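A.B. asks: Got a structure for you, questions after.
Nothing in this text is a laboratory measurement; each read-out follows from the coordinates by a stated rule. Model, not experiment: these values are computed from the prediction. Positions of Cβ are generated from backbone atoms using ideal geometry, with glycine treated the same way; all protein chains shown enter the neighbour counts.
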Amino acid sequence: MGPPRINLAWLYAITKYGYPPSISNFYDFINDAVRLGFKAIELEVYGEDNLKAVEGERVKLRDFIESHGLKVINVAGIFPQLLSSIDGVRERGLELFRRSVELAVFFNAGLTQTDTFTPPIEFIGPKPYSMGIVFAERYRVKIPIDFSWRAFWRMLVNVMRECSRIALDHGLKFAIEPRVGESVANSDAMLRLIDEVNMDNFGAVLDVGHLNAAKELIPLSIEKLGNRILYVHASDNDGRDNYHWSPGRGVVDWDAVFEELRKFNFSGYVAIDVGGQDIRGRLDDEVTQARRFIEEVGLRHGLW
C-alpha cells in the first residue's frame, strides 16, 4: 500500500522549544524532523503574533521545508477568540482562522485543524493548557450562575460549521481533536459535533493519548467515529494521567487500534505525538522508538 504515512507532530516542537515556538524554532523543528527520519510534518500557529510571524516567513519557510524533502500534511490554526462570547472578537477569530487556512494551502497541506478550548467556566487552580502542555494536572471548577451549556454548544456548532466552510472553500478537510478538559473532550461529544456541523469535509483527529487518559475504549472510539477519522495522533499513557509517551510504553492495545483503523480503510497520516516535560530529556529516543513501533504495527495490520 506504499510507504508508511507517518509524520512528526507539533508536540515535539512544543516540548523542545516552548509554546508557541518562535519562528526560528520552526526551522529547528524541520531540521529535527529530517534528523529523526521523518518525511512529513505538521505545523501549528497560535495566536495573532505567531500567525503574522509565519505569514511573513512563509516563502522562505516553504522553500526550506521542500528543500529538506518534507511534506506538510496539516496546519493547525489555534485562536481562542473563535469561541469568545463577544461577537466582534469571535469574528476576529474566524478571520485569523481564515488566514491560517490560507497558510495551509500555501504549504500544500490537505488538512487544517483547530481546538474547542476550555468552556467559559471558572477553574479553581490549574486550567487545562494555560501553562502549555501539562499532562498530570487535576482540575476543580465552578459553574458561573449565568452559564448555559446549551447556548454555548449552539455557538460552538455554528463556529465549527463556519470553520468547515472556510476550509471547504480552500479545498481542505477540517478536523477537531477531542482533548481532556476541553469543550469537546471525548469521542461521543466529537460524534455529536460532527452530526450537528453536518459538513462532509469535517471530521476528527483520533488522539489516542487524550482518549486513553479519558478512559475511553479506543477501538470503540474508532467504531463510533468510523470514516470521519481524518488523522491520528499516536501516543500512550497509563490510562490515568494524560501523558504522551511512546506507543507501547503504556496500556493502549495498539493491535486492536490498528485492526479497527484497517476496518474503516483509514488512509490518513499517523502523527508521532510524543512529548511533555516528563520525557523531555529523552525526547529523541522516545520519538524514534515510537516511529519504529507505529511503522511495524501498521505494517502488521496492512495499513501501509
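A.B. asks: Could I have the simple spin-label model distance between R262 and K16, label points 7 Å from Cα toward Cβ, reported in nm to one decimal?
C.D. replies: Here the answer is 3.2 nm between the modelled labels.
A.B. asks: Right, here's the next one. Among T15, T112, T288, T118, which comes first, second and so on when ranked by fewest other beta-carbon atoms within 10 Å?
C.D. replies: Sorted ascending by nearby Cβ count, the order is T288, T118, T15, T112.
A.B. asks: May I ask you to derive the relative contact order of the chain, considering only C-alpha pairs under 8 Å and at least 6 residues apart, and to give it as an integer percent?
C.D. replies: Here the relative contact order equals 18 percent.
A.B. asks: Let me ask something additional. Percent of Cα-Cα pairs per 10 Å bin, from 0 to the last occupied bin, for region 25-178, please list those.
C.D. replies: The distribution over region 25-178 is 10, 34, 33, 17, 5, 0, given as percents.
A.B. asks: What distance in nm lies between label points placed 7 Å from Cα along the C-beta direction at R138 and L217?
C.D. replies: Distance between the two pseudo-spin positions: 2.8 nm.
A.B. asks: Among the DSSP beta bridges whose two residues both lie in region 6-300, what percent are antiparallel, rounded to the nearest 5? Provide the component values of the computation, followed by the final result.
C.D. replies: Numbers: 4 of 31 bridges.
Of the beta bridges lying entirely in region 6-300, close to 15 percent run antiparallel.
A.B. asks: Between beta-carbons, use under 12 Å as the cut-off and find the net charge around D255, counting Lys and Arg +1, Asp and Glu -1.
C.D. replies: Values: positive: R262, R300; negative: D253, E259, E260, E296.
For residues surrounding D255, the net value is -2.
A.B. asks: May I pose another question? For the pairs K142/K215; K39/K127; K16/K142, note any where the Cα-Cα span goes beyond 28 Å. If you can, show how the numbers build up before the last one.
C.D. replies: Values: K142/K215 23 Å; K39/K127 35 Å; K16/K142 34 Å.
Where the Cα-Cα span goes over 28 Å, the pairs concerned are K39/K127; K16/K142.
A.B. asks: Going by average Cβ neighbours within 10 Å, how do the peptides 69-77, 43-51 rank, with the highest at the top?
C.D. replies: Values: 69-77: 21.6, 43-51: 19.2.
Order by mean packing, descending: 69-77, 43-51.
A.B. asks: Ratio of region 1-71's C-alpha Rg to 2.2 N^0.38 Å, to two decimals? Mind showing how you got there, number by number?
C.D. replies: Values: Rg = 12.2 Å, N = 71, 2.2 N^0.38 = 11.1 Å.
Dividing the Cα Rg of region 1-71 by 2.2 N^0.38 Å gives 1.10.
A.B. asks: If you take the Cα atoms of the chain, find Rg, then find the Kirkwood Rh from the mean of 1/r over all pairs, what is Rg/Rh? Spell out each step's value before the answer.
C.D. replies: Values: Rg = 18.1 Å, Rh = 19.4 Å.
Computed over Cα atoms, the ratio is 0.93.
A.B. asks: Moving on to the next point. What ranking, highest mean first, results for peptides 167-178, 142-153, 228-239, 201-212 when packing means the other Cβ atoms within 10 Å averaged over each residue? Present the calculation step by step, with values, prior to reporting the outcome.
C.D. replies: On the way: 167-178: 20.4, 142-153: 10.7, 228-239: 22.6, 201-212: 24.8.
Most protected by this proxy first, the peptides run 201-212, 228-239, 167-178, 142-153.
A.B. asks: Using only Cα atoms, locate the centre of region 157-231 and the centre of region 247-279, then give the distance between them in Å, rounded to an integer.
C.D. replies: If we compute the Cα centre of each part, the gap is 16 Å.
A.B. asks: Let me ask you something else. Once label points are set 7 Å from the Cα along Cα→Cβ at both D200 and L36, what is their separation, rounded to one decimal in nm?
C.D. replies: 3.6
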